[in-house]
Number of protein chains: 2
Amino acid sequence: MNDLICMAQLNPLAGNIEHNKNKAIECIKKAIKNNASLVIFPQMYLLGYPMGDILYRYPSVAKHAKKALDEIKSYCENINVLIGYPEIEEKSYYNSICFIQNKEIKRSIRKSVISKKSIYHEYSYFEAEKFNLKDRIFELNGKKYGIIICDDILFEKKFDTDLILQLISEIDILICCASNHTRMQKEQFEHNVLKDIAKKYKTKIIYVNQTGGSDDLVYTGLSRIYDEGGEISALIEPYKEDCKITDINEKKHIENSELDKTFENEFSLNYEPYLEYIHNTLVYAIKEYFSKTGFKRAVLGLSGGLDSSVCAVLLADALGKENVLGVSMPSKITSSNSKNDAQILAQNLGIHFIEAPIKETQDLIASKFSEMFDNINWCNRYTSSYTQDNIQARSRATILWGIANEYPETLPIATSDKSESYMGYATINGDMSGGYAPILDVTKTKLFALAKWMNKNRIEKNAIPNSVIEKPPGAELAINPKTGKTLTAEEALMPYEFLDEVIWRIENKNQMLDDMTKEVFLYEKNHELSSEQKLVWLEKFFKRMQGALYKWHIVPPAPVIDIHSINSIEYRQPITSKINYKENLL
Amino acid sequence: MNDLICMAQLNPLAGNIEHNKNKAIECIKKAIKNNASLVIFPQMYLLGYPMGDILYRYPSVAKHAKKALDEIKSYCENINVLIGYPEIEEKSYYNSICFIQNKEIKRSIRKSVISKKSIYHEYSYFEAEKFNLKDRIFELNGKKYGIIICDDILFEKKFDTDLILQLISEIDILICCASNHTRMQKEQFEHNVLKDIAKKYKTKIIYVNQTGGSDDLVYTGLSRIYDEGGEISALIEPYKEDCKITDINEKKHIENSELDKTFENEFSLNYEPYLEYIHNTLVYAIKEYFSKTGFKRAVLGLSGGLDSSVCAVLLADALGKENVLGVSMPSKITSSNSKNDAQILAQNLGIHFIEAPIKETQDLIASKFSEMFDNINWCNRYTSSYTQDNIQARSRATILWGIANEYPETLPIATSDKSESYMGYATINGDMSGGYAPILDVTKTKLFALAKWMNKNRIEKNAIPNSVIEKPPGAELAINPKTGKTLTAEEALMPYEFLDEVIWRIENKNQMLDDMTKEVFLYEKNHELSSEQKLVWLEKFFKRMQGALYKWHIVPPAPVIDIHSINSIEYRQPITSKINYKENLL
């Protein structure tokens, strides 16, 4: 026996025990061949995390997992294995790690602190097991190892409790089997906790995390070993599977700028430090969603605007330019600049491109509508409506879904961004519609920064035409009667710099309208802003947000990036609710 | 003091403390005027249940609730009040009942058993308080009352534990402040638990439940008092608000056929005993969704088929016939029978009706598509595709959303049913699209029964033409090459009798494909069915269901009726998952 351990940073397929089992066996074989003495898999690896309500609807997957363990153990000759699985005992489920030693299942270690986050559903299915010190410790090659399951104590800000201290005091090395998805600041927080524990208690820590993507959650992996000084001595690259074999006594010091990043808890437009991470995570998320759902190709509308341009670049990076089709669908009021920008972008990226004007369809539907409205004897029509605007957006989505119906393995893309989704500034069955929404959790000011970053840092420089980044965003669906030009989004809404700070304050500070009136916004530092105008914008924001709730209910899956999101996987404000956002002002 | 108590069966507006507080004060005033000595409100009444993640995003609503309690207590002269609210202490939240006695807040009783159901999100927010016997008992007019908060012990099948027995042994009357939504068998289960406790321990029980609807959940109310023999001595009607004042010594015996219903745990096509309940609950759900979101009018496509016909009747019953617009949108392959049926239905119901043919739009889009596909140089097209079918469905939805854009307070209706949604036999941006989906949780065989029931029991008899109920369902989007007629749904899928039992077995028995091969289906008793054909259907079902997951992600809000649903409020199987439904067969 030696101190070689194998960190199995794998990408499980949720619900497919057979697939996950086979991958585990391959990894164990590799570890045996390389003389490792221990293989560590992520939390709940055999079922695949996040598991949604698979256990609830199809409880027999837990039986299948038990059978799979019996097969796995037969491969574990002279090796130790820790592998996450759903344990069933009578009618109770546990989030467990199975400890296999030399072809024998020694015991199960059951998670004690069940996550309360609604995103994971752990609480609905798993019983919390009393923390049992003895079960969590095993000896190997003269060293004592202790086992922790994901945020089981560690990340609940309770790591200073007696139990964890007692565990640490009795062991040499702490193992954490994790399945932690990424989002802004989350990995950094986890890193700091682990680093601090290692340093404070002079303990090595082996942290094994899964990689891969689910519908909305991305797992970067970043499995690693901390030495007794809190330094990283081994690290698996993010976004990839690897069964890395390392000597736990390795003396390296590995720097990782991503994990060591510090965050300001104040709104800022300086997104630079996060743009590479955002780009890589979004690209990986797209890649994962497509491969796991069996899609290969993406089709999206190219308006010549920022949102669709950024989506096109991300898709090309994720799927390959040959698998992306950009469709320019000019209407009567689309400017020739926009058309040109769309085409230039497509050329720069090398993606497929066609033009499919919607003028005739728009005219026909509009004239049919006009006849139809004359026949409806119901109630007064709006004096001013979005009907004409939305005919355009919906005709476009019909084209994209039509292409998806005609070509195999093709998914249409929804290009809505986070700022406009908060405002409900998006058309149902129009730009909101698609099989996947890559930038739903990216605010507009961040998108501008990301576009510039991609122009500078991708292989093809300046793929996005400058004019796309410089012109004011707008849906180009309507004319502003005041200017005679197409209505810009900031005219319809409010300045993005202000809007994005409102979102930031909701998501990072849990503020309501009345709280925000008392805060000084970045926009106020940079521009003149009367308190009346500020209140007008805030009221507009909260009113529009309330009206947007029903749209959030039907947004497609989208990668979570920010500290909080309105993705339907985690956002749960009833549409029928009616919060008084300025109750304190009453 | 006397034994008059007031059961406040109210309909809170989630998140609107001000609104809920004012309603509570009105009720307390009425109780004082009528000499009642105790007013009992539902669980979490002040915030409104279900609360989603309101507390998480906007924690200051808990502060507002505290302020509201201070105002409420000032009205409580010579009266006792129990009222549910979100209690905050330091950074912990509790699901609490505030006990007010003669203008003074006496104490808070905190819930001990936090619901694990993901539909409620309780576990994400609330701490469970140790069950404290003393806090839960108060004396009034020489009688001892004990307090239970919703499923706090009672409904967790733990009501035989020491704690509840001890509580019951020390009191005369048990009070349960509830907010239990309805769904098949749920209210009956709760009734049986309460009745058994009352009888077994010779205790009166006062059960106060909220009424109203949320996005997907319906609260019928049915607040009631059980006497020591387990008989109901007072009952508030379902689906309505009432502050009912009753003497707890009332000697009535009230029968309620709904609560006393027993259920067979076997699949059956005999839906008769449940149809009135289903009708009333769906109608109430629609009414509530519309009024709480501010919509007044509904527009829906009338195809002359079963789904849209049933939806039209439900909408007319909920919103009034003058607020419903049915649109017949015949395409090239719509039969004249279907058109006629749509018109006759509208006439029978007295709803608004227009015809808006889509032939020209369909032709124009099809010819534009054909040009466009010639320009796409990408990959091979499907040899047979749904492109033409879906142009029709999407052109129709564009019309409905256009009408919603043009007329104030108008919501388009998605008419997809449960059987077809399970199969993904519904078009995105087509029949799946709408602001609300009344029958998403109603299977096809149940819809047939419901249609017949409505024809017999509504004021306007036989509103739905017989031909609608008799003809085989189908989307009328394509021609079956074998028959030369429009393709029926059962040709495209499988017999509904079989399909609905598969759904029933998943939702009621948690069975997978491999389990079902071993079961004898009702269809097999009624028809010849080879085991090969059965396996073909089962495989088709599970394959199509897997492919439908992404559609379930974007279904509109819809009332939950069945014991389980695929409504997005509770269904959480990752689209990226890949369960092997026949793993046991391997």
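Quick notes on this one:
- Taken over the stretch B:168-184, the criterion of being surrounded by 20 or more Cβ atoms within 10 Å (Cβ to Cβ) and in contact with a Lys or Arg (Cβ under 6 Å, 6 or more places away or on another chain) is satisfied by B:ILE171, B:ILE173.
- You will find that of A:LYS582, A:LYS540, the residue that is free of Cβ contacts under 8 Å to residues at least 60 places away in the same chain and not hydroxyl-bearing (Ser, Thr, Tyr) is A:LYS540 and no other.
- Residue match in the stretch A:92-114 (condition: of a type in the set (Lys, Arg), assigned to a strand (DSSP E or B) and buried (at least 24 other Cβ atoms within 10 Å of the Cβ)): yes
- Here A:ALA449 fulfils each of the conditions (1) at the interface with chain B (Cβ under 7 Å from one of its Cβ atoms); (2) at pLDDT 95 or above apart from (1).
- Residue in the stretch A:207-221 that is hydrophobic (A, V, I, L, M, F, W, C), over 30 Å from B:ILE376 (Cβ atoms) and within 14 Å of chain B (Cβ to nearest Cβ) present: yes
- Scanning the stretch A:242-257 for residues that are crowded, with 18+ Cβ neighbours inside 10 Å and part of a loop (DSSP other than H, G, I, E, B) yields a single hit, A:ILE248.
- Top-ranked residue in the stretch B:24-56 [being assigned to a helix (DSSP H, G or I) and surrounded by 18 or more Cβ atoms within 10 Å (Cβ to Cβ); ranked as nearest to the other protein chains (Cβ to nearest Cβ)]: B:ILE54
- Filter result (out of contact with any strand residue (DSSP E or B) (no Cβ under 8 Å at 6 or more places or on another chain) and assigned to a helix (DSSP H, G or I)) within the stretch B:168-189: B:SER169, B:LYS186, B:GLN188, B:PHE189
- Within the stretch B:315-326, being crowded, with 24+ Cβ neighbours inside 10 Å and either modelled with pLDDT under 95 or out of contact with any His (no Cβ under 6 Å at 6 or more places or on another chain) (or both) holds for B:LEU315, B:ALA316, B:VAL324, B:GLY326.
- Residue-level check: of (1) surrounded by fewer than 24 Cβ atoms within 10 Å (Cβ to Cβ); (2) out of contact with any Cys (no Cβ under 6 Å at 6 or more places or on another chain); (3) part of a helix (DSSP H, G or I), A:ASN11 misses just (3).
- Among strands (runs of 3 or more DSSP E) entirely within the stretch B:191-241, having at least 1 residues that are assigned by TED's automatic domain parsing to the domain that holds B:CYS177 and more than 30 Å from B:SER565 (Cα to Cα) singles out B:204-208, B:224-226, B:232-235.
- Per the conditions (1) over 25 Å from the mean Cα position of the chain (by Cα); (2) closer than 30 Å to A:PRO59 by Cβ; (3) in contact (Cβ under 8 Å) with a residue 24 or more places away in the chain, the sole criterion not satisfied by A:TYR125 is (1).
- Positions within the stretch A:79-116 being of a type in the set (S, T, N, Q) and under 33 Å from the mean Cα position of the chain (by Cα), in sequence order: A:SER92, A:ASN95, A:SER96, A:SER108, A:SER112, A:SER115
- Meets criteria (within 11 Å of chain A (Cβ to nearest Cβ), under 28 Å from the mean Cα position of the chain (by Cα) and of a type in the set (D, E, K, R)) for B:LYS543: no
- Qualifying residue in the stretch B:434-442 (condition: closer than 26 Å to A:LYS296 by Cα and at the interface with chain A (Cβ under 7 Å from one of its Cβ atoms)): no
- When the stretch A:57-69 is filtered for residues that are more than 10 Å from chain B (Cβ to nearest Cβ) and either free of Cβ contacts under 8 Å to residues at least 24 places away in the same chain or among the aromatic types (Phe, Trp, Tyr) (or both), only A:LYS66 remains.
- Flag for A:LEU69 being of a type in the set (A, V, I, L, M) and out of contact with any Gly (no Cβ under 8 Å at 6 or more places or on another chain): yes
- Failed condition for A:HIS64, given (1) crowded, with 21+ Cβ neighbours inside 10 Å; (2) out of contact with any Asp or Glu (no Cβ under 6 Å at 6 or more places or on another chain); (3) not in a strand (DSSP E or B): (2)
- The residue list B:ILE54, B:ILE25 contains one member that is closer than 24 Å to B:ILE114 by Cβ and touching a helix residue (DSSP H, G or I) at 6+ places or on another chain (Cβ under 9 Å), which is B:ILE54.
- When A:TYR571, A:TYR550, A:TYR523 are checked against the criterion of being of a type in the set (Phe, Trp, Tyr) and more than 27 Å from the chain's Cα centre (by Cα), A:TYR523 stands alone in meeting it.
- From the options B:ASN405, B:ASN380, residue that is surrounded by fewer than 24 Cβ atoms within 10 Å (Cβ to Cβ), within 28 Å of the chain's Cα centre (by Cα) and either of a type outside the set (A, V, I, L, M) or not assigned by TED's automatic domain parsing to the domain that holds B:GLU491 (or both): B:ASN405
- When the test is whether a residue is at pLDDT 95 or above, in a strand (DSSP E or B) and within 21 Å of B:MET7 (Cα to Cα), B:ILE72 does not pass it.
- Of the candidates B:ALA285, B:ALA298, the single residue that is in contact with a Cys (Cβ under 9 Å, 6 or more places away or on another chain) and either in the same structural domain as B:TYR523 (by TED's automatic domain parsing) or among the charged types (D, E, K, R) (or both) is B:ALA298.
- Taking the numbered list (1) outside any helix (DSSP H, G or I); (2) within 14 Å of another protein chain (Cβ to nearest Cβ); (3) surrounded by fewer than 21 Cβ atoms within 10 Å (Cβ to Cβ) in turn, B:ASN567 passes all entries but (3).
- Neighbours by Cβ (under 7 Å, 6+ apart or cross-chain): first from the stretch B:278-294, within 11 Å of chain A (Cβ to nearest Cβ); second of a type in the set (A, V, I, L, M, F, W, C) and in a helix (DSSP H, G or I): B:PHE290/B:LEU319
The values are calculated or read from the model by the stated rules, or taken from the named source; none is laboratory data. From a predicted model like this one, the values you see are computed outputs, not experimental measurements. Backbone-built Cβ (ideal geometry, glycine too); neighbour counts: all protein chains shown.
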